[in-house]
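Enquirer: Quick one: structure below, then a few questions.
The values are calculated or read from the model by the stated rules, or taken from the named source; none is laboratory data. Being a predicted model, the structure only gives us computed values, none of them experimental. Quick note on the areas: whole protein, heavy atoms, side chains included, nothing else; ligands and nucleic acids left out. Shrake-Rupley method; radii C 1.70, N 1.55, O 1.52, S 1.80 Å.
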Amino acid sequence: MHDADGFTQGYVFIGPAHYVSHTGSKPMSIQWKLEEPIPEYLWTASAKMVVG
């Protein structure tokens, strides 16, 4: 993920996650069960990545 200036953003630990399932390959989608909700600022950024 990159910021508005094109720089790579730092790593953010969002807590423990548990594997649920996966589908596909190249790319592979992985479904995780998080113990805590994703913070709003990360949810907004990750939602933009899904739609492109």
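Enquirer: Solvent-accessible area of Thr8, probe 1.4 Å, all protein chains present, reported in Å² to the nearest ten, please.
Expert: Solvent-accessible area, nearest 10 Å²: 110 Å².
Enquirer: Can you check how the C-alpha radius of gyration of the chain compares to 2.2 N^0.38 Å, as a plain ratio?
Expert: Numbers: Rg = 12.8 Å, N = 52, 2.2 N^0.38 = 9.9 Å.
Cα Rg divided by the expected 2.2 N^0.38 Å: 1.30.
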